[in-house]
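Here's the structure we're looking at; comments come further down.
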Amino acid sequence: MAAFRAVEERRFRGNTGSNPVGSIRKKSFLGDFMSYRPMMPEKQVQERQKWHDKAYNEMKNRKNLSLTYLGRKFIVPKQVFPPAPMSKLLGKSVLKEVKKTDRVLDMGTGSGVNAILAASKSSDVVAVDINPYVIRCAKLNAKKNKVDSRIKFLNSDLFEEVKGKFDLIIFDPPFRWFTPRDMLERSVADKNYSTLTAFFRSAKKYLNENGRILIFFGTSGDLNYLKFLIKKHEFKKKEMARKELKKNGRKYVYYTYKLSVS
C-alpha cells in the first residue's frame with residue numbers, strides 16, 4: 001500500500017510549476033494538499049469543460065423550481081443548485097442505508113434533499129453547507145416536509161463547525177475540478193478538487209466505530225481521482241448503485257459508493 005501511495009501521489013502531484021488547472025490552495029484549516037492533474041486525455045477535459053459551461057449558463061438563467069424528489073416536495077430558488085436527476089441514485093441509497101439509531105451528517109446539503117431523506121429514518125441529522133443562503137433554503141424545505149425538528153443546520157466549510165462523530169456521512173460533492181465563478185457554481189465546481197481532497201483528509205476523525213460514508217460520483221468528473229483518494233485514505237469501497245447516461249455520443253457512468261474504514 002505504501003508503494004502504491006508513493007507512485008499515485010507522484011502521478012497526481014505532478015510539477016507544481018506547470019499545473020494546467022490552476023494554483024494550489026493555500027494552507028488553512030483544510031491543510032496543505034497536493035496539486036491535481038486530470039487523469040484523462042485533454043480531449044475529454046475539453047468535453048467536460050464545454051458541458052460544464054453550458055450547464056452553468058442554463059443554471060444562471062433558470063427560474064425558481066417547485067419539484068418532487070423521491071416523494072418529497074421541494075422549493076429550489078434560482079440561487080440554489082437543484083438536485084440532478086442522476087443524484088436519485090444517492091437519495092435511494094440514503095433511504096436504504098440510514099438506520100433509526102444513526103447519527104447522520106449531510107455534507108454540502110444544498111437544497112436539503114439528502115438530509116430530509118435521512119430525517120425520515122433518523123431523528124439525529126446534521127446538515128452543513130458553506131453557503132448561508134442555501135442553508136435558509138434547506139431549512140424551509142425541511143419544514144415543508146415536517147422534519148425540521150430532526151435536523152440541525154450549520155453554515156460550515158466542510159467540518160469547520162461540526163462537532164462530534166457520526167454513524168453515517170452523506171456526501172454529494174462537486175464533480176468538476178474547474179474554478180467556480182460564483183457561489184452558485186461552487187455547488188458543481190471544486191477547484192483542483194481541493195474540497196474533495198480535504199474531505200477525505202478529515203472524514204475518519206468524524207466517524208464512529210463501524211461508521212460509513214455514502215458518496216455519489218460519476219465519470220463526468222474524474223472518477224479515477226476519487227478512487228485514488230479512497231485508496232490513499234484506506235477506505236473499503238462497496239458499490240451501492242450505478243447508472244449509465246449517454247450524452248454527446250459518449251457514455252458516462254454514475255455511482256453511489258459506501259465507504260467503511262479498513
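Readers should treat all values here as calculations from the given coordinates under stated rules, not as data from a laboratory. Everything numeric here is computed off the predicted structure, so don't read it as measured data. Here the Cβ positions follow ideal geometry from the backbone for every residue, glycine too, while neighbour counts run over all protein chains shown.
Summary of computed values
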{"read-out": "Within segment 63-190: Cβ-based charge dipole about Cα centre, in debye rounded to nearest 20 (Lys, Arg +1; Asp, Glu -1)", "value": "680"}
{"read-out": "Cα centre as origin, Lys/Arg/Asp/Glu Cβ charges: segment 196-253 dipole, Debye", "value": "160"}
{"read-out": "Value of relative contact order over the chain, rounded to a whole percent, pairs C-alpha under 8 Å and six or more apart", "value": "16"}
{"read-out": "Pairwise label distance in nanometres, E239 with Q79, each label 7 Å out on the Cα-Cβ vector", "value": "4.1"}
{"read-out": "Neighbour-limited loop hits for trypsin sites (Lys or Arg not before Pro), segment 96-130 (at most 15 other Cβ within 10 Å; DSSP other than H, G, I, E, B)", "value": "K99, K100"}
{"read-out": "Order of D167, D129 - criterion: other Cβ atoms within 10 Å of each residue's Cβ, fewest first", "value": "D167, D129"}
{"read-out": "MRE, 222 nm, helices only [DSSP H, n ≥ 4, -39500 (n - 2.57), over the chain, to nearest 500]", "value": "-9500 deg cm²/dmol"}
{"read-out": "Pair L154, L70: separation of 7 Å Cα→Cβ label points (nm)", "value": "2.2"}
{"read-out": "For segment 77-207: relative contact order, % (alpha-carbon pairs under 8 angstrom, 6 or more apart)", "value": "23"}
{"read-out": "Label-point gap, in nm, between K205 and K163 - each point 7 angstrom along Cα→Cβ", "value": "1.7"}
{"read-out": "Per-residue HN-Hα couplings for segment 35-48 [Karplus 6.51, -1.76, 1.60; θ = phi - 60°; Hz; x = Gly/Pro]", "value": "6, 10, 10, x, 9, 7, x, 4, 4, 5, 4, 5, 4, 5"}
{"read-out": "Given charges at beta-carbon only (K, R positive; D, E negative), |dipole| of the chain in Debye", "value": "580"}
{"read-out": "Rg and Dmax of the chain, Cα atoms only, in Å", "value": "17.7, 52"}
{"read-out": "Amide H partners (placed H, <5 Å) of K152, local residues excluded", "value": "V125, V126, A127"}
{"read-out": "Long pairs among K73/K100; K92/K205; K43/K251; K78/K191, criterion Cα-Cα beyond 24 Å", "value": "K92/K205"}
{"read-out": "Under-5 Å amide H pairs with L70, H placed in peptide plane, nonlocal only", "value": "none"}
{"read-out": "Distant-in-sequence amide H partners of L207 (H built 1.01 Å from N, under 5 Å)", "value": "F166"}
{"read-out": "Phi-based couplings in Hz for segment 205-213 (Karplus 6.51, -1.76, 1.60; Gly and Pro marked x)", "value": "5, 10, 9, 5, 4, 6, x, 9, 10"}
{"read-out": "Cα centroid of segment 192-262 to Cα centroid of segment 126-169, whole Å", "value": "21"}
